[in-house]
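As structure tokens, the structure follows; a few thoughts come after it.
The values are calculated or read from the model by the stated rules, or taken from the named source; none is laboratory data. No experiment lies behind these values; they were computed from the predicted model shown. All Cβ positions, glycine included, derive from the backbone under ideal geometry; neighbour counts span all protein chains shown.
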């Protein structure tokens, strides 16, 4: 069994949304699975001393254009959310609650992640608003009250914190970030390199 | 005749080196030519309020690894120069001197650019040292003394300054930077998107 691909994302990262739509299929074509890691990009930025491209007007304008184009390039729907970025804290906590809870697990967490990224980036569902979180939880067939309770659970909070720390220790300074056989790849635009690595091994 | 592709580069940009090795062939396959623009990345960074990825240790480590891997991905030789980055002022001035001088012209300038990028990134030839600049000028079949004189020429200095200003006005905040039919593409990793644009038009 080949080792899984580690996939780090933040619910508010548009390039992570794009990658979230291809990473599982790409991995599966090469006999791999994907280990999803919800993190908070702000923490990774801060640890690395990196600023967001959204902080500089010229780069922000380009990025917003490039994001839409990159989604079209992958044949994906994309609608720029009016409020962007948003606080992905609650969505990430629900992710780790699902990930660790016996009745759910990593697959349910990944399904929540895919649904959340798609909901925010195609129809502007705000996961930092109680109504938005409840809507998504219901759409995912979750116990809505349990999902809301998880957001305030100390153990879940601690789990997200340690996930951030693990990501930072692994060298993550942006999302999407992939680690394949110990090799780090940053960005949706490393898809072709990841694909070659999976197909032919290190290059 | 389809409009040319504008290609902005800095002699000290490794991703621009990689792109410099494919941009002409890619353009030619789609009936296009390339207009090369030597610029100083520092000026563009400053105007945009952008910092270099080399300024943050975590991102620097990743970038140096990614650069080598990206070169291998394109099948290109790459040797990390010991002194990196370097001041590309003189190399860029020679570029614009060639570009505008009746005996040479844009093609000679592009040949100088390709040769300079390759010399620095494959054998560490330092174009900010008189010996390095002279070596490259001789290899390019140029009048070595005229090339050196161009570096101190007020008109050439002004030309580089206006090239930087034009690039900044065009929205350039990094290199390589491409403008195709008015559409901006930043980065060696936008090759596939540029290719699709050239093949099928806007997407």
From A:71, A:44, residue being at pLDDT below 90, part of a helix (DSSP H, G or I) and crowded, with 16+ Cβ neighbours inside 10 Å | A:44
For residues in the range A:162-180 being touching a strand residue (DSSP E or B) at 6+ places or on another chain (Cβ under 9 Å) and surrounded by fewer than 20 Cβ atoms within 10 Å (Cβ to Cβ), which is nearest to residue B:74 (Cα to Cα)?
-> A:171
The helices (runs of 4 or more DSSP H) lying entirely within the range A:110-203 that contain at least 3 residues which are away from chain B (no Cβ under 14 Å), within 30 Å of residue B:58 (Cα to Cα) and out of contact with any helix residue (DSSP H, G or I) (no Cβ under 7 Å at 6 or more places or on another chain) are A:154-169
Can you find even one residue in the range A:78-88 that is within 14 Å of chain B (Cβ to nearest Cβ) and in contact with a helix residue (DSSP H, G or I) (Cβ under 9 Å, 6 or more places away or on another chain)?
-> yes
In the range B:89-106, is there at least one residue being more than 17 Å from the chain's Cα centre (by Cα), surrounded by 15 or more Cβ atoms within 10 Å (Cβ to Cβ), without any contact (Cβ under 8 Å) to a residue 40 or more places away in the chain and over 30 Å from residue A:180 (Cα atoms)?
-> yes
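Condition first: touching a helix residue (DSSP H, G or I) at 6+ places or on another chain (Cβ under 8 Å) and at the interface with chain A (Cβ under 10 Å from one of its Cβ atoms). Now tell me which residues in the range B:67-77 satisfy that. Please lay out each step first, then the result.
Narrowing the range B:67-77 to residues touching a helix residue (DSSP H, G or I) at 6+ places or on another chain (Cβ under 8 Å): B:67, B:69-71, B:73-74, B:76-77.
Matches in the range B:67-77: B:69, B:70, B:73.
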